[in-house]
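First up is the structure itself, then whatever we jot down about it.
The values are calculated or read from the model by the stated rules, or taken from the named source; none is laboratory data. Note that this is a predicted model, so its numbers are computed, not measured. With ideal geometry, Cβ positions are generated from the backbone for all residues, glycine too; neighbour counts draw on all protein chains shown. The protein model used for the area step is the full one, side chains on, heavy atoms only, and it has no ligands, DNA or RNA in it. Shrake-Rupley method; radii C 1.70, N 1.55, O 1.52, S 1.80 Å.
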Amino acid sequence: MKYHVLIDGEHHAVTLAADGSAWSVTMLDDDGAPSGKPVHIDIGTLREAHAYSLLVNQRSIDVAVEEQGSSLSMVIGGGRYKVDVLGEREYLAHSIKAEQGDGDKTVEAAMTGIVVDVLVAEGDAVTKGQTLFILEAMKMENEVKASVDGVVARVARSAGETVNLGDVVLEIE
Amino acid sequence: MRELKKVLIANRGEIALRVIRTCREMGLRTVAVFSDADRNAPHVRAAYQAVRLGPAPVGESYLRADKILEAAKATGADAIHPGFGFLSENTTFVQAVRDAGLIFVGPSPEAILAMGDKIEARRRMVAAGVPVVPGMEDPVTDPELLRSEAERIGLPVMIKASAGGGGKGIRIARTMDELQSLADRASSEAAAAFGNGAIYLEKYLEEPRHIEVQIFGDSHGNVVHIGERECSIQRRHQKVIEERPSPLIDDELREKMGAAAVKAAKAINYENAGTLEFLVDKHRDFYMLEMNTRLQVEHPITEATSGIDLVRWQLDVAAGKPLPMTQDEIKHEGHAIECRLYAEDADNGFLPAVGTVKRLEWPGGNGVRIDSGLYEGMAVTPHYDPMLAKIIVHAHDRDAAIARMSRALSEVQVTGVVTNAAFMRRVLHSEPFQSGRYDTHTIEGHPEDFAPKLSDARRRDIACIAAAMAHTLRSRRGFTARDSAPRSSRSSAWVDAFRPGAAS
């Protein structure tokens, strides 16, 4: 099995082969040739779908894992790692999308809360760092700022509305 | 002197559990109160009795003084411990507890009132000769006055809520242009959080360290201090990591600050546990910020080095007993650190996180204490404070304590909700923390120093692990998911027998 692993925007291709009840994982270089020695990974299940005890070349590592679509969030030894693990076809689709760019920039609620105030209107020009709206959560008012320069294309939510994590509040073109 | 037999704890989470534990060690019966969201919480299960208050929102549960008093009456409790937050510094509640003939485990309503309003507190402390930060003595509403006062004190200035606490309502104005809009924001946030939008201005100190002093008073006029706590590792004006002793403080400064704290407490006839918060600037001058008239979140580090159970002292003093130790008898040993585990994404502006705890494992071993209200299956929601638990370590010196905390944090496993455990570990290993030369701006002033860093070798390892994990998760799900199973395997003799058209 071949997988493409994306961490912090860096791409690694690996192949996976069964080795008894464990796995032998080999990194591939840019030409698809094996690079470095295979890594032997034995996976013990502590709790299915949540927690595993790994022996990585005999090194004992606990991994707490959460799956979200193609991405994995792993807690390993006090560090948290967010990675995307894609198959060949998914990786191809991902590469094409990345080349095209994503055009509109949506600004989403980064947490569940209440929109206290929207400080911009459709058609307004905004600059990076400018406060777009104020979101109240956990009894704190949080100023959500523009991460890019642009023009507000759409304001989807208004003051007083409750928003959930990931809801689009406005879009910048 | 009154005898305590049964204590109601008007709080939730780790602090409710922490108070219950001491009560049980003292042979006292306990009553927990809970909202619908907390029916299965550890504090409910640890208590002798538990009473439902209402739905999850705090306004319908933990802030319902009437229901809490009803619960105390129904269960025959003779004292109420408020924990911190919620009603702990609400004088109306404290008075109502007393009027009901119950003991409030904490200071008098008069003392809370004297220190609760920051402006009034400042006036009192100036009169008592305790150094305070240059600033205003009256709340400000007039825009003209706001500007002239900001000019008098000198930029940058802090805009603070009169009734504030916990970092809410605080803004820093660096230019005159932004002063008014920030003041408006602070005022509206304060009005929403405390029902009082009054604000005032204060000088913003350079390289300030937030160092506080634990004090304790009894009803016989005795007041002692139990050393300082260094609380300068903050983000969003809220503490994240605390340690004691402070790397900045020597015995001389410790004595001076301790004496000032005792003087402040005596000036208002303070009883029970309290904390004087000071700012110490780069010139090692100290200024009193405010007094917290309750037990502090970070009290365990004082307990670790002094061997004192502060909750036991609280209960004894509330019952009218004198303090069990004199100032000379209080000694500290070793070094203690506390890390506050928050449900938040440190890599994304420290935004609060929500979720359901899927798996939970705590560190253990020598010198590690966990005060936690978490449990597997718990929903972390915006209803309550995002602080989930506290990890406290104690060791013979600072280096050993740092190593122990780093080890403990690496053993924390929480999934289902993002926590700041990895971030705190990076702080522990950072140059400012290791050297002890940090201040309240260190975290937010140099975020890049605390950002996750991944070496090439480490990233390759993670890539291999991720591939093996993803493959395992996906293939196991493939075999067990019903929808992906072949159709025939889903039928059974029973289904076949009743299928339309089947022979009957």
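Using the crude model of +1 on Lys and Arg Cβ and -1 on Asp and Glu Cβ, and no other charge, please compute the dipole size for segment A:2-100 relative to its Cα centre, in debye to 20. List each step's numbers first, then the result.
On the way: 8 positive and 15 negative charges, 48 e Å.
Roughly 220 debye for segment A:2-100.
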message: Strictly over 32 Å apart at the Cα level, which of A:LYS105/B:LYS282; B:LYS331/B:LYS453; A:LYS128/B:LYS168; B:LYS67/B:LYS263 would you flag in this model?
response: A:LYS105/B:LYS282; B:LYS331/B:LYS453; B:LYS67/B:LYS263
- prompt: Considering amide H positions built from the backbone, and no H for Pro or chain starts, which residues 5 or more places from B:GLU290, or on another chain, come under 5 Å of its amide H?
  reply: B:GLU277
- line: One finds, for B:THR175 and A:LYS97 with R0 = 56 angstrom and r their Cβ-Cβ distance, a FRET efficiency to the nearest 0.05 of 0.85
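Across the residues of A:79-88, average count of Cβ atoms on other protein chains within 10 Å?
Values: counts 11, 11, 9, 4, 8, 2, 9, 1, 3, 0.
The per-residue average across the peptide is 6.
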- prompt: Can you work out D for segment B:349-408 in µm² s⁻¹ from Stokes-Einstein, where Rh is the Kirkwood radius over C-alpha pairs, the temperature is 37 °C and the viscosity is 0.692 mPa s?
  reply: 247 µm²/s
task: Express as a percent, rounded to the nearest 5, the fraction of DSSP beta bridges in chain B (both residues included) that run antiparallel.
output: 80 percent
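Taking each residue of B:410-420 in turn, how many C-beta atoms of other protein chains fall within 10 Å of its C-beta, and what is the average?
Working: counts 6, 3, 3, 10, 2, 11, 3, 1, 5, 2, 1.
Averaged over the peptide's residues, the number is 4.
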message: At 37 °C and a viscosity of 0.692 mPa s, what translational diffusion coefficient does Stokes-Einstein give for the protein assembly as shown, taking Rh as the Kirkwood radius over Cα pairs? Give it in µm²/s as a whole number.
response: 119 µm²/s
Chain A - charge dipole about Cα centre, Lys and Arg +1 at Cβ, Asp and Glu -1, debye rounded to 20: 500 debye
query: Among B:ALA100, B:GLN314, B:ALA343, whose Cα sits farthest toward the positive end of the charge dipole of chain B (+1 at Cβ of Lys/Arg, -1 at Cβ of Asp/Glu, about the Cα centre)?
result: B:ALA343
query: Using r as the Cβ-Cβ distance of A:LYS128 and B:LYS5, and R0 as 60 Å, what FRET efficiency do you calculate, to the nearest 0.05?
result: 0.45
query: If one takes the longest principal axis of the Cα atoms in chain A, at what angle in degrees, from 0 to 90 and to the nearest 10, does the Cα axis of helix A:88-100 lie?
result: 30 degrees
Folded to 0 to 90 degrees: helix B:398-411 orientation relative to chain B principal axis, Cα: 30 degrees
statement: Treating every alpha carbon of segment B:334-443 as one equal point scatterer without solvent, the Debye formula yields log10 I(q)/I(0) values at q = 0.13, 0.14, 0.15 Å⁻¹ of -0.49, -0.57, -0.65
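Please give the peptides B:298-305, B:140-147 ranked by average Cβ packing (other Cβ atoms within 10 Å per residue), highest first, as a rough proxy for protection.
Taking the mean over residues of other Cβ atoms within 10 Å, the ranking is B:298-305, B:140-147.
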query: In nm, what is the difference between 0.36 nm times the number of residues separating A:ASP149 and A:ALA121 and their Cα-Cα distance?
result: 8.6 nm
query: Taking Cα pairs under 8 Å and at least six residues apart, what relative contact order does segment B:289-394 come out at, in percent?
result: 30 percent
field: FRET E, pair B:ALA56, A:ASP167, Förster distance 22 Å, beta-carbon r, rounded to 0.05
entry: 0.55
- line: Taking chymotrypsin sites (Phe, Trp or Tyr not before Pro) in a DSSP loop with at most 16 other Cβ atoms within 10 angstrom as exposed, one finds the longest site-free stretch of chain B at B:49-374
- request: State, to one decimal in nm, how far the label point of B:LYS453 lies from the label point of A:LEU46, with both points 7 Å from Cα in the Cβ direction.
  value: 2.8 nm
- request: Calculate for the protein assembly as shown the 222 nm mean residue ellipticity that helices alone would give, adding -39,500 (n - 2.57) per DSSP H run of length 4 or more and normalising by residue count, nearest 500 deg cm²/dmol.
  value: -9000 deg cm²/dmol
- request: Report the charge-dipole magnitude of chain B in Debye, nearest 20, computed about the Cα centre from +1 at each Lys and Arg Cβ and -1 at each Asp and Glu Cβ.
  value: 2300 debye
message: Quick check of the Kirkwood formula: for segment B:6-105, what is the inverse mean of 1/r over all pairs of different Cα atoms, in Å?
response: 12.9 Å
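Please compute the contact order of segment B:337-461 in relative form: average sequence separation of alpha-carbon pairs under 8 Å and at least six residues apart, divided by the residue count, as a percent. Let's see the in-between values first.
Details: 190 pairs, mean separation 37.7, N = 125.
Relative contact order of segment B:337-461: 30 percent.
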query: Of A:LEU55, A:TRP23, A:HIS94, which is farthest along the charge dipole of segment A:2-100 in the positive direction, counting Lys and Arg as +1 and Asp and Glu as -1 at C-beta?
result: A:LEU55
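Go through segment B:146-238 and name the GluC sites (Glu not before Pro) that are in a DSSP coil and have 13 or fewer other Cβ atoms within 10 Å of their Cβ. Present the calculation step by step, with values, prior to reporting the outcome.
Numbers: sites: B:GLU149, B:GLU151, B:GLU178, B:GLU189, B:GLU202, B:GLU206, B:GLU212, B:GLU228, B:GLU230; in loops: B:GLU206.
In loop regions of segment B:146-238 (DSSP not H, G, I, E or B), the sparsely surrounded GluC sites (Glu not before Pro) are B:GLU206.
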- line: Looking only at aspartates and glutamates whose Cα falls under 15 Å of B:LYS203's and that sit 8 or more positions away or on another chain, we get B:GLU137, B:ASP138, B:GLU149, B:GLU151, B:ASP281, B:ASP285, B:GLU290
- prompt: Got a sec to turn the phi values of segment B:378-385 into Karplus ³J(HN,Hα) couplings, 6.51 cos²θ - 1.76 cosθ + 1.60 with θ = phi - 60°, whole Hz, x for Gly and Pro?
  reply: 5, 8, 8, 10, x, 5, 10, 4
task: Could you work out, residue by residue across B:453-463, how many beta carbons of other chains sit within 10 Å of that residue's beta carbon, and then give the average as an integer?
output: 6
- prompt: In degrees, nearest 10, range 0 to 90: what is the angle between the Cα axis of helix B:118-128 and the longest Cα principal axis of chain B?
  reply: 40 degrees
Rel. contact order, % - alpha carbon contacts under 8 angstrom, at least six apart, chain B: 13 percent
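When only the heavy atoms of the protein chains count and the probe is 1.4 Å, how do A:ASP84, B:ASP66, B:ASP99 rank by accessible area, highest first?
Numbers: A:ASP84 50, B:ASP66 75, B:ASP99 115 Å².
Largest to smallest exposure gives the sequence B:ASP99, B:ASP66, A:ASP84.
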query: How many nm separate the modelled label positions at A:GLN68 and B:GLU361, each set 7 Å beyond the Cα in the direction of the Cβ?
result: 2.3 nm
